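The values are calculated or read from the model by the stated rules, or taken from the named source; none is laboratory data. Please read these numbers as outputs of a predicted model, since none were measured by experiment. All Cβ positions, glycine included, derive from the backbone under ideal geometry; neighbour counts span all protein chains shown. SASA here: full protein model, heavy atoms, side chains in, ligands and nucleic acids out. Shrake-Rupley method; radii C 1.70, N 1.55, O 1.52, S 1.80 Å.
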Amino acid sequence: MIDELKKEIEGARRSFGHELESIQSPEQLAALKERYLSRKKGVVSQFLARLKGCLPAEKPLAGQAINQFKEFVEAALSAAGAAGFAAAASGAWDDPSLPASELPVGRFHLIADIQGRIEDIFLQLGYEIAAGPEVERDEYNFTKLNFPEHHPARDEQDTFFLEGHDDLLLRTHTSPMQVRYMLGHRPPLKIISPGKAFRKDDPDSTHSPCFHQVEGLLVDRGIHFSHLKGTLEAFCRSFYGPDIVLRFRPGYFPFTEPSAEVDISCFLCAGRKTDCRVCKGTGWLEILGSGMVHPQVLRNCGIDPEEYSGFAFGMGIERVAMVKYGVPDLRLLYENDLRLLGQFG
Ligand code: DAH
């Protein structure tokens with residue numbers, strides 16, 4: 001009994017396939033559906049009615065075979081229906097004057113968009129892009145970058161260490177890529193390295209435990225501070241606007257000497273408005289950290305500081321989004337609300 005039923009189901013499957021192939025209109029498709037799936041006289045219902053005649057031991061297998069056939073017919077009909085809509089829109093079946101259904105178009109996330117723009121500018125300046133790992137060695141994230149043994153940034157409160165691996169952590173900045181690149185390449189070096197960084201910060205309007213940075217590094221013979229200034233000026237004018245003025249303030253980073261925090265003049269009010277929403281009336285916007293690569297860092301990476309010198313800089317991409325595009329709260333960038341994201345990219 002069951003073998004016979006299975007053979008018949010196989011036959012029905014074949015003829016269904018042939019019938020489906022010859023469908024020319026939505027009406028014919030509906031009729032085919034009726035013929036196979038209608039509760040009263042449909043082919044599937046007729047198979048089900050025959051379950052009664054099966055031996056009890058055969059019933060589960062027979063039921064399973066019929067169900068599989070039913071699912072096959074349903075899936076094939078709905079796929080044909082969807083294809084039919086496409087055909088209708090392209091004029092094969094239906095009114096070609098109907099407006100096409102609107103397809104949502106994707107775009108880059110603001111963070112990816114900003115990263116891409118920054119990369120483009122540095123590519124034009126002849127830099128290479130070198131991405132590095134997010135799980136990093138303590139040695140590259142801190143030690144070779146000249147962080148003293150007890151520097152607070154190494155603290156567990158700031159750094160995500162990997163359980164069971166004291167020497168591995170989620171990089172707290174993109175600067176370890178400087179080390180990786182210098183260890184693997186001889187000067188002249190000219191790279192930017194964009195990517196994610198991680199710190200144990202509680203999320204608030206300006207902090208997130210995961211954020212993005214772009215690191216820059218140039219090492220060659222005879223590199224001095226004016227090269228750093230000229231490079232950052234060229235970048236900022238290209239990115240923020242041609243009239244931007246830069247301000248270098250003394251700063252401290254263990255891996256650069258001297259170090260500088262860089263501000264740009266407010267691109268919205270240029271310092272002329274006391275109630276400016278971008279610079280809050282100060283006229284300046286803090287945008288990045290930078291400096292001349294510390295001789296000890298060069299040495300740590302096998303480069304002779306008597307022969308070579310270099311500069312480095314690092315900027316936060318979220319910070320750029322907030323400053324340049326007026327995103328008021330960094331958390332908005334991670335909530336994936338299309339009302340925000342749809343405005344960019
Ligand atoms: N790594 C620093 C941070 O996350 C940023 C930075 C400062 C990078 C100065 C640099 C630099 O390359 O020269 O705060």
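On the chain, 53 percent of the accessible area sits on carbon and sulfur atoms, based on a 1.4 Å probe.
Anisotropy class assigned to the stretch 1-151 is oblate, per the alpha carbon gyration tensor with a/c at or over the 1.5 cut-off and a/b no larger than b/c. Among 70-77, 256-263, the peptide with the highest mean count of other Cβ atoms within 10 Å heads the list, and the full ranking is 256-263, 70-77.
When the surface is traced with a 1.4 Å probe over the full set of protein chains, residue 297 keeps roughly 0 Å² accessible. Each of 339, 247 has its accessible area taken with a 1.4 Å probe; listed largest first, they run 339, 247. Gyration tensor analysis over the Cα atoms of the chain returns equivalent ellipsoid semi-axes of 64, 28, 19 Å (largest first, whole Å). The phi torsions of the stretch 314-326, fed into the Karplus equation with coefficients 6.51, -1.76 and 1.60 and a -60° offset, translate into couplings of x, 9, x, 6, 4, 4, 4, 4, 5, 6, 7, 10, x Hz, rounded to whole numbers, with Gly and Pro shown as x.
Rounded to two decimals, the Cα radius of gyration of the stretch 265-345 over 2.2 N^0.38 Å is 1.59. Taken about its Cα centre, the chain carries a charge dipole of roughly 980 debye when the Cβ of each Lys and Arg holds +1 and the Cβ of each Asp and Glu holds -1.
In order along the stretch 181-197, the Karplus-derived 3J(HN,Hα) couplings, from 6.51 cos²θ - 1.76 cosθ + 1.60 at θ = phi - 60°, round to 6, 5, 5, x, 9, 9, x, x, 10, 8, 10, 10, 9, x, x, 8, 9 Hz, and Gly and Pro are given as x. Sorting 143, 231, 282, 274 by solvent-accessible area of protein heavy atoms yields 274, 282, 143, 231, largest first, with a 1.4 Å probe.
No disulfide-compatible partner, judged by a Cβ distance under 4.7 Å, exists for the following cysteines of the chain: 54, 210, 236, 301.
Put a dot 7 Å past the Cα of residue 234, heading toward its Cβ, do the same for residue 120, and the two dots end up 1.8 nm apart. The C-alpha atoms of the chain define a longest principal axis, and helix 59-89 lies at about 60 degrees to it.
Packing, as the average of other Cβ atoms within 10 Å across residues, places the peptides 15-24, 131-140 in the order 131-140, 15-24, highest first.
Tell me the angle of helix 110-124 to the major Cα principal axis of the chain, expressed in degrees between 0 and 90 and rounded to the nearest ten. Compared with the principal axis, the helix lies near 50 degrees. Based on DSSP H segments of at least four residues, each scored -39500 (n - 2.57), the chain has a per-residue ellipticity at 222 nm of -12000 deg cm²/dmol. Taking amide H atoms as placed 1.01 Å from N in the peptide plane, the amide H of residue 223 lies under 5 Å from those of 309, each 5 or more residues away in sequence or on another chain. In order along the stretch 33-38, phi translates into HN-Hα couplings of 4, 4, 5, 8, 10, 4 Hz, rounded to whole numbers, per the Karplus curve 6.51 cos²θ - 1.76 cosθ + 1.60 with θ = phi - 60° and x for Gly and Pro. Once the Cα atoms are used to define both axes, helix 225-240 deviates from the longest principal axis of the chain by about 40 degrees. For the stretch 186-219, list residues with backbone N below 15 Å from a point placed 7 Å from the Cα of residue 329 toward its Cβ? Within reach of a label on residue 329, which here means backbone N under 15 Å from a point 7 Å along Cα→Cβ, the stretch 186-219 contributes 203-208. Note on surface exposure: 120, 275, 113 rank 275, 120, 113 by accessible area, highest first, 1.4 Å probe. The heavy atoms of residue 59 offer some 90 square angstrom of accessible surface to a 1.4 angstrom probe. The residues of the chain expose, per residue, 55 Å² of accessible area to a 1.4 Å probe.
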